[in-house]
Amino acid sequence: MFKDLFRSKQKYVTVKPASVRREIPDGMWSKCTKCGQIIYNKELAGNLKVCHKCGFHFKLSALERVALTVDADSFVEFDSDLLTVNPLGFPGYEEKVKSGKNTTKLNEAILTGQARICGFPVVIGAMDFGFMGASMGSVVGEKVTRAFEFAIKRKLPVVMFCTSGGARMQEGIISLMQMVKTSAAVARFNEAGLLYISVLTNPTTGGVLASFASLADIVLAEPEAQIGFAGPRVIEETVHQKLPPGFQTSEFVLAHGMIDKIVERKNMRKTLGLLLSLHSKVSEVALGE
Ligand SMILES: [Zn+2]
């Protein structure tokens, strides 16, 4: 059964760099979730999709994220044709996948590839909440694992932009297995002594947070992102206690030592560039070059 999980087993498929510029159609205006401000979409896009009034960071699609982060024309996509096959025959799953494809212009909830950030070569991944809440099923797990395996082979750092509602319930236990599989891939990467930076964006929860998202050497987050395993309502109902204000925000988890730094979107690219530059110098020194 597991042999048939993927329709395609091709490795490291590449597509044209232009694919990151595919546009996702939407309306003319957006309303800020935090302050209620009505913002002209063009203006919002011009401000990296951050509310000019209150600084709220709107969600970015994986294609937008990669386009904003990497050096122009440097992105080469991996495994774009890897597709899920509804292994459990879950009713309505195919329709949900189809709708996710339409929304995100991707075949799955993560975009992976090779690129440069401020001149430094990296393997990059970006999850897309528009594809079934960026839930992790067999294909997301496989793409993350292959990205780390590629990075080990080429001795490249990995940058992962995470967002997820959790495991892909339509794939049941196969979905939960991806937590183990991706964690093992990160462990092998770690043994190779390479740099892994993850960026937690709103929201990063469930099985993704409990596996590769929080296993990085350096964990960054965007401001006010929801970061937690189970949602606050579930926890309140389980522990029968009122949760403290700001529970599960980036600011809260930073204060409790779970992440290393909060980085505003406008500073993300140069922060990643700085971290990559510092670590490239460290590895040059270590190798005596
Ligand atoms: Zn706002």
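Each value in this text was obtained by applying a stated rule to the coordinates, not by laboratory testing. Predicted model, so just to flag it, every value in this text is computed and none were measured. Positions of Cβ are backbone-derived with ideal geometry, glycine not excepted, and every protein chain shown enters the neighbour counts.
Odds and ends about this structure:
- Orientation-averaged projection of the range 88-184 equals 6.3 nm² [convex hull of Cα atoms, one quarter of hull surface area].
- Packing-based order for 205-216, 143-154, using average beta carbon neighbours within 10 Å, highest first: 205-216, 143-154
- Measuring from each cysteine beta-carbon in the chain, the ones with no other cysteine beta-carbon under 4.7 angstrom are C118, C162.
- Angstrom value of the Kirkwood radius, inverse mean 1/r, which spans all Cα pairs in the chain: 19.5
- When only alpha carbons are used to place a centre, the range 50-100 and the range 249-268 end up 22 Å from one another.
- For the chain, share of DSSP beta bridges that run antiparallel, in % to the nearest 5: 45
- Among 275-281, 242-248, the peptide with the highest mean count of other Cβ atoms within 10 Å heads the list, and the full ranking is 275-281, 242-248.
- Relative to the Cα centre, the charge distribution of the chain, modelled as +1 at Lys and Arg Cβ and -1 at Asp and Glu Cβ, gives a dipole magnitude of about 420 debye.
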